[in-house]
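Novice: Let me give you the structure first, and then I'll get to my questions.
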Amino acid sequence: MTRWGILATGHIASRFAEDLRLVPDAELVAVGSRAADSAQRFADTYGAKRAYGSWVELAADPEVDVIYVATPHAAHHEAAMTCLTAGRAVLLEKPFTLDVATSTELVDTARAAGVFLMEAMWMRTNPLILRATELIAEGAIGTVSSVRADFGVAGPFPPDHRMRNPKLGGGALLDLGIYPISLAHLLLGVPQHIRSWAQLGPEGTDENTGILFGYDTGALAALSCGMVGATELSASITGSTGRIDLPEPFFRPGSLTLHRAGAEPETIVAEEAGNGYQYEAIEVQRCLTAGLTESPLVPHATTLEVMALLDAVREQIGVRYE
């Protein structure tokens, strides 16, 4: 049995707790928040045995094997460091931190302590996303030449919302753009050329961002994210002999459609279960059982490379976090 703690009690923490019930040999034993009453309400709702009014108390609980950190972006570094230095394995909500420098600090700390650490980039543990990568590796669409992906929401967000607050890592890029960027990285790796444009809001965070990755192989990725209009939330992966389409939402698709040259389209349908967060929890438990300190599906190197890409895009579009 893997004993879980959850740090924070917001929307994402709730969805994760719901899906944890679907994971074999998983038990939610403790919840931690900076507000004791919030932690207790969460514990009562999801059946946790203990509720703590501080992160330090949760991290010190000897009956917790791994902690899922679900705070807002700007608190990720502090919260994860609290857990890692207490010797607790950590599943850290994406994006890892606000920049690659502080993300590197977390990785270095985990490695030095021999403690498991994984970014909660749930897309990379999704069965259909993994099936798409298998099909590509098998040559189903030939050599990948382009990736297109978008993630835009309608908004508008009020001025005091975290999505507009630079102190909280607000803007479309870290919250939404990380998905198209992560998909392009998964399929094509680190680009040699990056071009980005953005419309910035009055607070200086990005509201509508376009990103083009170029690769010396000739491949490219056309990506976008925004909070000024609801986009299709789809993705398409084109190769020399075919295409894979991922419908809305592409990062947790209900199906994928494979178009092979000269053949009828083939649709593969996902098993309907939960919100999709259970797969990252299953991967964490698999790694802990195997004695691993990082996941081969979401390795530290991948997290740091994607964070470096996010930094590069932010530099080009002129977004600064406090």
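The values are calculated or read from the model by the stated rules, or taken from the named source; none is laboratory data. For clarity, every value in this text was computed on a predicted model and none was experimentally measured. Cβ placement follows ideal geometry from the backbone for every residue including glycine, while neighbour counts extend to all protein chains displayed. Heavy atoms of the whole protein, side chains included, go into the accessibility calculation; ligands, DNA and RNA do not. Shrake-Rupley method; radii C 1.70, N 1.55, O 1.52, S 1.80 Å.
Novice: Name the long-range amide H neighbours of Ser54: under 5 Å, sequence gap of 5 or more, or other chain; modelled H, no Pro or chain starts.
Specialist: Ser33
Novice: Which residue, chosen from Ala290, Phe116, Gly262, occupies the Cα position most advanced towards the positive end of the dipole of the chain, where the dipole is computed from +1 (Lys, Arg) and -1 (Asp, Glu) charges on Cβ about the Cα centre?
Specialist: Phe116
Novice: Full extension from Glu315 to Glu248: what is 0.36 nm times the residue separation minus their Cα-Cα distance, to one decimal in nm?
Specialist: On the way: separation 67, 0.36 × 67 = 24.12 nm, distance 2.93 nm.
Extra length available between Glu315 and Glu248 comes to 21.2 nm.
Novice: Rounded to a whole number, what % of the accessible area of the chain do carbon and sulfur atoms account for, probe 1.4 Å? Please list the in-between numbers first.
Specialist: Numbers: 6810 of 13020 Å².
Accessible surface attributable to carbon and sulfur in the chain totals 52 percent.
Novice: Give the Kirkwood hydrodynamic radius (Å, one decimal) of the chain, defined as one over the mean of 1/r across all pairs of different Cα atoms.
Specialist: On the way: mean 1/r = 0.0495 Å⁻¹.
Across the chain, the inverse of the average 1/r is 20.2 Å.
Novice: How much of the DSSP beta bridge set in the chain is antiparallel, as a percent to the nearest 5?
Specialist: 55
Novice: Along Cα→Cβ, 7 Å out, is where each label goes; now give me the distance between the ones at Glu232 and Ala113 in nm to one decimal.
Specialist: Result: 4.5 nm between the two label points.
Novice: For the range 22-120, run through the GluC sites (Glu not before Pro) and keep only the ones in DSSP coil with at most 13 other Cβ atoms within 10 Å of their Cβ. Write out the running numbers ahead of the final one.
Specialist: Working: sites: Glu27, Glu57, Glu63, Glu78, Glu93, Glu105, Glu119; in loops: Glu63.
Loop-located and lightly packed - Glu63.
Novice: Let me make sure I get this right: for the range 1-97, a, b and c are the square roots of the gyration tensor eigenvalues over alpha carbons, sorted descending. Under 1.5 in a/c it's rounded, otherwise prolate if a/b > b/c, else oblate. Which is it?
Specialist: Working: a/c = 1.24, a/b = 1.20, b/c = 1.03.
Cα axes put the range 1-97 in the rounded bin.
Novice: Just name one of Thr205, His76, Gly155: the one whose Cα is farthest towards the positive end of the charge dipole of the chain (beta-carbon charges, Lys/Arg +1, Asp/Glu -1).
Specialist: Value: Thr205.
Novice: Could you report the chain's accessible area per residue, 1.4 Å probe, as an integer in Å²? Could you put the intermediate results ahead of the total?
Specialist: Details: 13020 Å² over 322 residues.
On a per-residue basis, 40 Å².
Novice: Can you give me the distance in nm between label points at Ala263 and Lys49, each placed 7 Å from the Cα along the Cα-to-Cβ direction?
Specialist: It is 5.1 nm.
Novice: Extension gain Ala36-Arg21, at 0.36 nm per residue separation less the Cα-Cα distance, in nm? Don't skip to the end; give the middle numbers.
Specialist: Details: separation 15, 0.36 × 15 = 5.40 nm, distance 2.34 nm.
Separation in residues times 0.36 nm, less the Cα-Cα distance, equals 3.1 nm.
Novice: Going 7 Å from the Cα of Ala273 in the Cα-to-Cβ direction, what parts of the range 112-149 have a backbone nitrogen less than 18 Å from that spot?
Specialist: Residues 122-132 fall inside that zone.
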